[in-house]
Ligand SMILES: [Zn+2]
Ligand SMILES: [Zn+2]
């Protein structure tokens, strides 16, 4: 009972918000939001958003609001449920149509059963058991990223060519929703039973695809001007890839059901594999970074200071006052790559020191070195 009261007051609030919004925008009269919660506003999308925009909005919000990420935050949990409800309705072409025309009131009755928001989440992000629907092929793509991208994190807009359900007719192929009628030839079954005599007294009954509707069971009496009745359109699209801090090379980012759309099958996934382009200064191994730095003979003997520009532009300083052997490795904790599962923790940075000797010295310098160093060198060996 408490839940439904809460929902009612949310609905009331949203109604108020919708009413105010329409007041301000005035001209939107024809597109006015239907009564009840504004699912489009809940997902933060436009009313003509296509399936992908709906999924993207749900994916971002659901991840952000999931109670696992917001323990004890009742407001986040309420929003999480609301977002699931909005997604459930808008991602279903039929429910969306009813909702657009009649609002949540229209969805009451047999369509109104809302599923558990956690099931919706589970099914969306995979791991769900509902795989019985035919699924289109997965699309695999490589995405080149720099070490800087993996260190700092970056959102990359990837241009892809994609087939989508026509958003004008929402995949029906018809100009108006009413122009799709049940095929009278097969009564919507898509198949016909025919009988023919194979021998006297023997009649074979065969099931054939209905020639009138090509097995679809539906007849479209007018053609959608946008897709010319093909139900799908192909176009360039942008895929927003979140390269997270510390993702390893070869990491795969899956966009569930973002592949080519077809009217009757579930789209395949788009799978992006990260490929790191080599960095001029840093080499990565796991969460550690490796680099080389050269110093002079004098610096090797008397100490040195170096400023290193890190992948995020910060300057870090290496300082040594003692003698540095060639090949010495200076180790700096917490200056390696961020760990993907906990980016506040980082690996190590290893700086290997190379010593560059002068290409020649004068005889005076040679004498001076002999005088100063001969004893030491013997001792060290
Ligand atoms: Zn038919
Ligand atoms: Zn169309």
> Say each of residue 360 and residue 221 gets a label point 7 Å from the Cα, pointing the same way as Cα to Cβ; how far apart are those two points in nm?
Replying inline: 10.0 nm
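Above 25 angstrom, tally the Cα pairs of the chain and express them as a % of all pairs, no decimals.
Cα-Cα pairs of the chain separated by over 25 Å account for 71 percent.
Once fully extended, how much extra length lies between residue 339 and residue 315, figured as 0.36 nm per residue of separation less the alpha-carbon to alpha-carbon distance?
Length gained, residue 339 through residue 315: 6.6 nm.
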> Of all DSSP beta bridges in the chain, what percent run antiparallel (nearest 5)?
Replying inline: 70 percent
> Going by alpha carbons, how many degrees (0 to 90, nearest 10) lie between the helix axis of 74-90 and the longest principal axis of the chain?
Replying inline: 50 degrees
>> Order 211-218, 235-242, 58-65 from most to least packed using the mean count of other Cβ atoms within 10 Å.
In response: 58-65, 211-218, 235-242
> When the helix-only estimate is applied to the chain (DSSP H runs of n ≥ 4, each -39,500 (n - 2.57), divided by the residue count), what is the mean residue ellipticity at 222 nm, nearest 500 deg cm²/dmol?
Replying inline: -9500 deg cm²/dmol
> Taking the Cα atoms of region 177-220, what is the range of coordinates along each of the three principal axes, in descending order and whole Å?
Replying inline: 48, 12, 11
> In degrees, nearest 10, range 0 to 90: what is the angle between the Cα axis of helix 51-65 and the longest Cα principal axis of the chain?
Replying inline: 60 degrees
>> Viscosity 1.002 mPa s, temperature 20 °C: what is the translational diffusion coefficient of region 189-283 from Stokes-Einstein with a Kirkwood Rh over Cα pairs, rounded to a whole number of µm²/s?
In response: 112 µm²/s
> Angle between the Cα long axis of helix 93-107 and the longest principal axis of the chain, 0 to 90 degrees, nearest 10?
Replying inline: 70 degrees
> Using a simple spin-label model with points 7 Å from Cα along the Cα→Cβ vector, what separation in nm is obtained for residue 265 and residue 53?
Replying inline: 2.8 nm
> For q = 0.14, 0.15 Å⁻¹, what log10 I(q)/I(0) does region 283-380 give under the Debye formula with an equal point scatterer on each alpha carbon and no solvent?
Replying inline: -0.64, -0.70
>> How long are the semi-axes of the equivalent ellipsoid of region 40-84, taking √(5λ) for every eigenvalue λ of the Cα gyration tensor, in whole Å from largest down?
In response: 22, 10, 6
> To the nearest 0.05, how large is the calculated FRET efficiency for residue 74 and residue 184 if R₀ is 56 Å and r is the Cβ-Cβ distance?
Replying inline: 0.55
> Which of rounded, prolate, oblate describes region 153-211, given a ≥ b ≥ c as roots of the alpha-carbon gyration tensor eigenvalues and a/c under 1.5 marking rounded, otherwise prolate only if a/b is larger than b/c?
Replying inline: oblate
> Using a Förster distance of 41 Å, how high is the FRET efficiency between residue 123 and residue 196, based on the Cβ-Cβ distance and rounded to 0.05?
Replying inline: 0.35
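Each value in this text was obtained by applying a stated rule to the coordinates, not by laboratory testing. Given the structure is predicted, the values throughout are model-derived calculations rather than measurements. Note that each Cβ is placed from the backbone with ideal geometry, even for glycine, and that neighbours are counted across all protein chains shown.
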